[in-house]
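Below is one structure, written out as structure tokens; the observations come after it.
The values are calculated or read from the model by the stated rules, or taken from the named source; none is laboratory data. Note that the structure is predicted; figures quoted are calculated from it, not measured. Virtual Cβ from ideal backbone geometry, glycine too; neighbours counted across all protein chains shown. Ligands, DNA and RNA are stripped out before the accessible areas are found, and what is left, the full protein with its side chains, is counted by its heavy atoms. Shrake-Rupley method; radii C 1.70, N 1.55, O 1.52, S 1.80 Å.
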Amino acid sequence: MKKRILSGMRPTGKLHLGHLVGALDNWVKLQEEYECFFMVADWHALMSEYEDTSQLSDLVIDNVIDWLSSGIDPEKSTIFLQSQVSAHLDLYMIFSCFTPLGWLERCPTYKEQLREVKSRNLNTYGFLGYPVLQAADILVYKSERVPVGQDQLPHLELTREIARRFNNIYKKEVFPYPEAILTKTPKLLGLDGRKMSKSYNNTVDLADSADLIKKKISNMFTDPKRIKLSDAGHPDTCNVFAYYSTFVPAMKEKVRDWCLHAKLGCTDCKKELALNIIEKLRPLQQRREDLLKDKNKIKKILQEGNEKAGAVASKTLKEVREAMQL
Ligand code: TRP
Ligand code: SF4
């Protein structure tokens with residue numbers, strides 16, 4: 001029997017290169033080895049973007065199109081929408097009853113977001129409970145493995161604590177203790193060298209046109225110590241070089257040589273990078289074009305996924321109710 005995986009993404013914006021190398025490429029590989037559930041986490045999006053909901057339903061479809069274009073295969077994996085599987089909320093409610101406030105208030109991701117996000121008020125009841133819903137997402141499928149980035153580890157830790165607390169209180173081993181599967185690719189920074197994020201406007205989106213990609217990449221920051229064309233560059237501290245390492249590993253040594261021996265200017269180095277990234281995205285964008293023509297197909301894939309996910313989730317909920325004598 002294959003082990004089960006659940007992972008999710010919040011539909012808060014268009015997907016970009018960071019999603020591709022940080023999650024999707026990995027999900028595509030995992031499909032062969034695991035029974036995969038991939039969820040569009042629309043409730044989680046709402047927990048922080050509750051004010052402007054106008055884009056949400058379009059983004060759900062758009063993100064799923066990118067998943068499919070990247071190689072997520074609905075024949076192999078269950079693709080579904082969180083809000084359409086009601087057992088997530090049932091379990092979230094039950095977990096809320098016994099999750100101590102301190103666990104949530106101490107959560108590093110929570111503290112960081114409260115500190116850093118100024119554009120909206122996250123000092124809400126819902127946002128504090130974000131990891132409780134995430135625990136419900138994972139545990140309602142009894143998934144033992146969760147592919148996520150490093151930043152999600154505190155939520156996985158909380159998921160195990162909540163599972164342990166449930167199993168202890170109701171004296172039944174209903175839930176497993178899920179572990180993360182970390183992505184191996186080193187974290188890709190944004191075009192400006194800061195954390196990659198749509199709010200910094202420093203991403204190359206999977207749907208960007210060739211011209212836009214050229215423009216964005218031509219504005220990338222390079223090695224600040226390299227001023228004249230004849231200066232040697234420092235590839236290992238240059239973000240452009242990091243992009244080569246991730247997207248065009250075959251050219252790494254050649255670019256290093258160009259850079260160290262000042263054989264190529266930064267402008268040309270970036271031009272070459274842009275061409276390579278455009279080439280890499282081409283097949284994905286072709287599939288994207290085809291899928292855009294048939295949005296009903298996307299809706300159907302989600303509907304079927306919702307049903308499959310719902311069947312598994314309801315079964316767990318039944319066990320939960322039994323363990324609690326409800
Ligand atoms: N919190 C995750 C993120 O921001 C998204 C998410 C919601 C998730 N539920 C999940 C990830 C369950 C893994 C498992 O990336
Ligand atoms: Fe960076 Fe390329 Fe310029 Fe070297 S040549 S500093 S790798 S942009």
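Brief remarks on what is shown
- Neighbourhood net charge (10 Å Cβ-Cβ; Lys/Arg +1, Asp/Glu -1) for PHE37: 0
- When only the Cβ of Lys, Arg, Asp and Glu is charged (+1, +1, -1, -1), the dipole of the range 91-232 relative to its Cα centre reaches about 220 debye.
- Where Rh is the Kirkwood radius over Cα pairs, Rg/Rh for the range 208-288: 1.00
- Counting only protein heavy atoms and a 1.4 Å probe, the range 208-288 has 57 square angstrom of accessible area per residue.
- Length available on full extension from LEU212 to SER96: 0.36 nm per residue minus the Cα-Cα distance, which gives 37.2 nm.
- Per residue value of the accessible surface for the range 52-146 (all protein chains in place, 1.4 Å probe), Å²: 45 Å²
- Taking the charge dipole of the chain about its Cα centre, with +1 at Lys and Arg Cβ atoms and -1 at Asp and Glu Cβ atoms, the residue from PRO100, ILE72, PRO154 reaching farthest to the positive side is PRO154.
- In terms of overall dimensions, the range 257-326 has a Cα radius of gyration and Dmax of 25.0, 73 angstrom.
- Taking a sphere under 11 Å around the Cβ of ALA323 and counting the other residues whose Cβ falls inside, with K and R at +1 and D and E at -1, yields a net charge of +1.
- The range 245-309-the range 5-71 distance, computed between alpha-carbon centres (Å): 17 Å
- Charging the Cβ of each Asp and Glu at -1 and of each Lys and Arg at +1, and nothing else, the dipole of the range 208-288 about its Cα centre rounds to 240 debye.
- Accessible-area composition of the chain, carbon plus sulfur, in percent [1.4 Å probe]: 52 percent
- Helical contribution to [θ] at 222 nm, DSSP H n ≥ 4, -39,500 (n - 2.57), averaged over the chain, rounded to 500: -16500 deg cm²/dmol
- In plain terms, the bigger the Kirkwood radius, the slower the diffusion; for the range 1-73, with that radius from Cα pairs, at 20 °C and 1.002 mPa s, Stokes-Einstein puts D at 166 µm²/s.
- Dipole magnitude for the chain: computed about the Cα centre from +1 point charges on Lys and Arg Cβ and -1 point charges on Asp and Glu Cβ, it is near 400 debye.
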